[in-house]
Amino acid sequence: MIKMSVPWQASRVRRLWGLLRKELLQIVRDPSSIAIAFVMPIVLLLLFGYGVSLNARNVPVALVVEQPNGVTADFAGSFRHSEFLSMVQLPNMHTAKRALRAHQVDAVMHLRSEFARKMQAGRSAPIQVLLNGVDANTARIVRGYIEGSLNGWLQQRAARQGQRFAPPVVLASRIWFNPNVRSRNYLVPGLIAVIMTLIGAMLTALVVAREWERGTMEALMVTPVTIGEVLLGKLLPYFLLGMGGMIVSVVLALWLFDVPLRGSVWVLLVVSAMFMLAALGMGLLISVSTRSQFNAGQAAIVSTFLPAFLLSGFIFDIHSMVGPIRLLTYLIPARYFVSFLQTSFLAGDVWPVIFADVSALAIMAAILLGITLRRSRKRLD
Amino acid sequence: MTPVKTQPILEAREVTRTFRSGQRCITALAAVDLVVLRDGVIGLIGPDGAGKTTFMRLAAGLLRPDSGEVWVQGLSTRDQALAIQSRIGYMPQRFGLYSDLTVRENLDLYADLQGVAPANRSTRYDVLMQMTGLGGVQQRLAGNLSGGMKQKLGLACTLIQPKELLLLDEPTVGVDPVSRRELWQIIDRLVEEEQITVLLSTAYMDEAERCRYVYVLHNGYVLSHGEPQALCSRMQGCGYAARAPGVHRRALQGYLVRASGVLDAVIEREWLRVVTEPELSPERLKECAGVPSLELDPLPARFEDAFIAEFRAVGSRWQTTVSGWAPPQTSSEPETVIRVNALGRRFGDFHAVRDLSFEVNRGEIFGLLGANGAGKSTTFRMLCGLLPPSSGELSVAGADLRRASAAARARIGYVSQSFALYGQLTVTQNLRFFANVYNLRGDRRRERIGWALDGFELRALANVDAEDLSLGFKQRLALAAALLHQPEILFLDEPTSGVDPLARREFWQLINALAECGVTVLVTTHFMEEADYCDRLVIMAGGQLLALGTPESIKQQVAGGRSALPSMEEAFIALVESPQREVG
């Protein structure tokens, strides 16, 4: 004796609406969801926007001049206006080496006593440069700056003397997409992928596991609700939450950090939505496999959050990774999204890149959600 | 289709279900046959681990049987689970209430999920609110309800769409006696007014007598089934109220459990309830017991007697020993070992315990009784020095354990509600760990671990991981670990919750023996009948002391001069419902 008082379709909509309303109320009332969805993105953005910089800026460099004269003063003066290096003059190499060892300076330039004489005589005048190679990346950057500044100085000097500084080969480089080489310009867009992974995969895996732990899932399972409705009831709210987190991040990136957005906003939204589905797919797949919040959290960190951080090209260049690791990155949705984000923000709508990335994301989302749906059963075993 | 009384609404044939746990294969149900007719409340009775929850889940289509078949209203749970789930109501043991949602929002959710049309809701809500008495707290978050209210709300959510069959998995576990009585009133009303058939599982023997028909489960087998009265009547004439003037109840119990032909001897009210084998005459019993002054009065049989008789036939008897226990120097004068004065504890605005004062003497069994949330566990944690009090003072063995030295702490033993064992360590490894913690070394360590393995019948399980033990054995192990260093004071937090009646009896036998040796035992429980084992006790509700004294004096206080004393459960209900109690 089962009364079908409402048409089948209407009851399906009502069940889904009930699940959605429940989920939204829980999100609003649970401080931990809000923290992961909104507070954490803002903290990460501020940290990466202001705190972390992969540029060398105001790098302390020591200059030791054995015999000061006009030429050496001119040389020193050319470094004084650099925004990348901050020069300190030290009396002798002994103190300079000590400063290098004590991490007070990252490099030492040493002008020997015969520097000016050789220079004026037109002979080769070597400058000794000591670099702190502990942080190899910074050492390379500092060497580049020093070489650049030296070239600038030689050109100026030649111009002043009415000569043309004419080395046989000239490197005429221009930096595209990010002319000021601000690391913030590519870190902040890449961070959006990390933040969406956090909400889509980690938060979703945690909330489903919480339902198992609290026994609410068992109670849901014995109602007429279908497993598809249960999954959709999780997918939709966290999709919205993730897109909300994305929009907050984009707004902060544009207004607070002055990151340019050269591509179209609509493309950004569509591709983000695709990535969000893939992230939710990962989160729901984790939640199908484990029923404890602790395990779900661990699984989400190791399989989604860390790869999004380390293997997506967000901070570390994928091309410089060793072969097997580089192959591994192809399995990580965040890789395609970071590639898209950096293109969209800094280069604009480059369709071949967008097309490749969005199709990879669509395939991954379809596979992940497909497996989740297949493996979910309205049973406890 | 018209309901026919003789047509089964639920039928299980030869149902077997096993679970894998690591390398071990556990049989939860073995070839169970069970038929539920459209006929009131059917009980599924059994101790923890008997397979009750597994059966409920099989019936709800949440699990598939390994072999055999379950039909609900003629539909097989194997392939028609979704259709079954729209026809039955099922309340899991921990009903899934959303604690972040209000009472009303929880109801709305289940109304949506069960497809209750909005137009029909308000009348249904009114009926349910009136039935459960939750009308006044509709805006309260479910997480802030008391245990009993949560169960009632869970029941209301299950009933939101009227169903013909209701599966209730241990609805009264962890619920105070007042709420338990109210839940049963609701269930009885449902059966009467809405002609619902209820399959209810429980570990409480007294609830079996409220069922129309019962199945007794043990280790996955149906031990017996029938109408509870019929099962009881087998034991008619075997029950006696035993008294012996001049002999302490605990000592008398010691004599009687050892007498041959005695199936059961438990402390009940002012006497001992003795159940014998049918062929044992009272005269013979008096001879066997060896207590000349023994007086026996016949008692009517009850369901628990039948249950214990069935279990004695299949289960082994646990013989605990406290031999080798060095009794502390006993003086004739009572010595106060625990002193609590005006103790209070706040959590934010919430007063978990307020103005609590009592004293415990050496060698006493002292009980803290109350429903969930009465403040028992909070009091306990303060006594053990795990939680600082907000106000008042306390001393245990002459010291405040929060500031006391390790030497003072070594004088107490503590068994927490969750047992605090290391699941991945074997029984022996757990014992060795706790022996090291208590600084037992060399021969003494070996001797104490040997004592624990033999005295608690753990020798056969010495190399089993603690997480694979049944609840009863986990309890034994936890108790053994807490007794390794021979403490003077033993703290037991809800030691018997979820443990079957046999294990509970054995547990109390051991506690009695320890008390005889001069060990002071402080125990919390929500089983009211266990109060009679205590020398003295306090009854707590809402963080406050309701009564303090011996079981008899508390009952007399409630009886108010009437000659017949109430049971402890009746006394508790009377105390809790007296006017000074705060609501909610």
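Look at where the Cα atoms of the stretch B:336-404 and of the stretch A:172-245 average out, and the two centres are 46 Å apart. Each residue in A:His110, A:His94 was given a count of other beta-carbon atoms within 10 angstrom of its own, and listing them fewest first yields A:His94, A:His110.
Ordering A:Leu90, A:Ala159, A:Leu269 by the projection of their Cα atoms onto the charge dipole of chain A, which places +1 on the Cβ of Lys and Arg and -1 on the Cβ of Asp and Glu, puts A:Leu269 at the extreme positive end.
Using bins of 10 Å that start at zero, the share of Cα-Cα pairs per bin across the stretch B:353-415 amounts to 18, 55, 25, 1, in whole %. Amide H to amide H distances under 5 Å link B:Arg536 with B:Ile365, B:Gly367, where only residues 5 or more positions off or on other chains count and H is placed in the peptide plane. Within chain B, antiparallel bridges make up roughly 60 percent of the DSSP beta bridges whose residues both belong there. With no solvent and one equal point scatterer per Cα, compute the Debye intensity ratio I(q)/I(0) for the stretch A:289-381 at 0.10, 0.14, 0.21 Å⁻¹ and report its log10, rounded to two decimals. Each listed q maps to, in turn, -0.35, -0.64, -1.12.
On a per residue basis, the convex hull of the C-alpha atoms belonging to the stretch B:115-223 measures out at 129 Å³. Each principal axis of the Cα atoms in the stretch A:247-324 has its own extent, and those three values, largest first, are 42, 31, 21 angstrom.
Dividing the mean sequence gap of close Cα pairs (under 8 Å, 6+ apart) by how many residues chain B holds gives a relative contact order of 13 percent.
Residue separation of B:Glu577 and B:Ala410 scaled by 0.36 nm, minus their Cα-Cα distance, works out to 56.0 nm of gained length.
Dividing the Cα radius of gyration of the stretch B:467-584 by its Kirkwood radius returns 1.02 for Rg/Rh. Pairwise inverse Cα distances across the stretch A:212-367, averaged and inverted, put the Kirkwood hydrodynamic radius at 17.1 Å. DSSP beta bridges confined to the stretch A:59-160 are antiparallel in about 25 percent of cases. Too long at a 32 Å Cα-Cα cut-off: which of A:Lys22/B:Lys474; B:Lys52/B:Lys555; A:Lys22/B:Lys163; B:Lys163/B:Lys376; A:Lys234/B:Lys474? The pairs that break the limit, which is 32 Å between Cα atoms, are A:Lys22/B:Lys474; B:Lys52/B:Lys555; B:Lys163/B:Lys376; A:Lys234/B:Lys474.
Computed from backbone phi, the HN-Hα couplings of the stretch B:249-259 come to 3, 5, 5, 4, 4, x, 5, 6, 5, 8, 6 Hz, rounded to whole numbers (Karplus: 6.51 cos²θ - 1.76 cosθ + 1.60, θ = phi - 60°; Gly and Pro given as x). Residues in the stretch A:259-269 carry Karplus couplings, in order, of 7, x, 10, 8, x, 7, 5, 5, 4, 4, 5 Hz; the curve used is 6.51 cos²θ - 1.76 cosθ + 1.60 with θ = phi - 60°, and Gly or Pro positions show x. Taking every DSSP helix (H) stretch of at least 4 residues in chain A, weighting each as -39,500 (n - 2.57) and dividing the sum by the residue count yields a mean residue ellipticity at 222 nm of -18500 deg cm²/dmol. Where only DSSP H runs of four or more residues are counted, chain B gives -10000 deg cm²/dmol as its mean residue ellipticity at 222 nm, each run worth -39500 (n - 2.57).
Is the C-alpha gyration tensor of the stretch B:381-449 telling us rounded, prolate or oblate? Criteria: a/c under 1.5 is rounded; beyond that, a/b larger than b/c is prolate, otherwise oblate. Oblate, because a/c is 1.5 or more while a/b does not exceed b/c. Here chain A carries DSSP beta bridges of which approximately 25% are antiparallel, counting only pairs with both residues inside. Remark: the stretch B:34-148 is approximated by an ellipsoid whose semi-axes, taken from the C-alpha gyration tensor as √(5λ), come to 30, 18, 14 Å, largest first. Amide hydrogen proximity for B:Gln7: with H placed 1.01 Å from N in the peptide plane, the residues at 5 or more positions away or on another chain lying under 5 Å are B:Arg38. Near the amide H of B:Leu44, within less than 5 Å, lie the amide hydrogens of B:Leu200, B:Ser201, B:Thr202, B:Tyr215, all on another chain or at least 5 residues away, with H placed in the peptide plane. Computed from label points 7 Å out along Cα-Cβ, the spacing between A:Asp74 and B:Arg121 is 8.7 nm.
Scaling against 2.2 N^0.38 Å puts the C-alpha radius of gyration of chain A at 1.36. The fraction of Cα-Cα pairs per 10 angstrom bin, counted from 0 for the stretch A:134-251, comes to 10, 22, 18, 14, 12, 11, 7, 5, 2, 0 percent, rounded to whole percents. Remark: the stretch B:454-512 projects, on average over all directions, an area of 4.4 nm² (convex hull of Cα atoms). Shown for chain B is the translational diffusion coefficient from the Stokes-Einstein equation, using the Kirkwood radius over Cα pairs, a temperature of 20 °C and a viscosity of 1.002 mPa s: 83 µm²/s. Of all alpha-carbon pairs in the stretch B:529-574, indicate the percentage at a distance above 15 angstrom. More than 15 Å apart: 37 percent of the Cα pairs in the stretch B:529-574.
Of the residues A:Gln161, A:Gln342, A:Gln293, the one that moves most in a GNM of chain A with alpha-carbon contacts below 10 Å is A:Gln161. The coefficient of translational diffusion for the protein assembly as shown, derived via Stokes-Einstein from the alpha carbon Kirkwood radius under 10 °C and 1.306 mPa s, stands at 47 µm²/s. Across the alpha-carbon set of the stretch A:84-130, the Rg to Rh ratio works out to 1.05, Rh being the Kirkwood radius. Look at the stretch A:210-221: the mean tally of other chain Cβ atoms within 10 Å of its residues' Cβ atoms is 6.
The convex hull of the Cα atoms of the stretch A:59-160, projected and averaged over all directions, covers 6.2 nm². Put simply, the C-alpha atoms of the stretch A:1-145 give a gyration tensor, and the ellipsoid matching it has half-axes of 68, 14, 12 Å, longest first. Using θ = phi - 60° in the Karplus curve 6.51 cos²θ - 1.76 cosθ + 1.60, the 3J(HN,Hα) couplings for the stretch A:44-52 round to 4, 5, 5, 4, 7, x, 9, x, 8 Hz; x is entered for Gly and Pro. Mind jotting down the distance between the C-alpha centroids of the stretch B:430-482 and the stretch A:272-295, whole Å? The stretch A:272-295 and the stretch B:430-482 have Cα centres spaced 42 Å from each other. Each of B:Cys232, B:Cys25, B:Cys288 was scored by other Cβ atoms within 10 Å of its Cβ. Listed from fewest to most, they are B:Cys25, B:Cys288, B:Cys232.
Listed from fewest to most Cβ neighbours within 10 Å, the set A:Glu229, B:Glu227, B:Glu570, B:Glu283 follows the order B:Glu283, B:Glu227, B:Glu570, A:Glu229. For the stretch B:229-314, place one equal point scatterer on every Cα, skip the solvent, and apply the Debye formula. What is log10 of I(q)/I(0) at q = 0.17, 0.23 Å⁻¹? Log-scaled intensity ratios, in q order: -0.61, -1.11.
Each value in this text was obtained by applying a stated rule to the coordinates, not by laboratory testing. Every value quoted in this text rests on a predicted model; they were computed, and no experiment measured them. Every residue, glycine among them, receives a Cβ derived from its backbone with ideal geometry; neighbour counts consider all protein chains shown.
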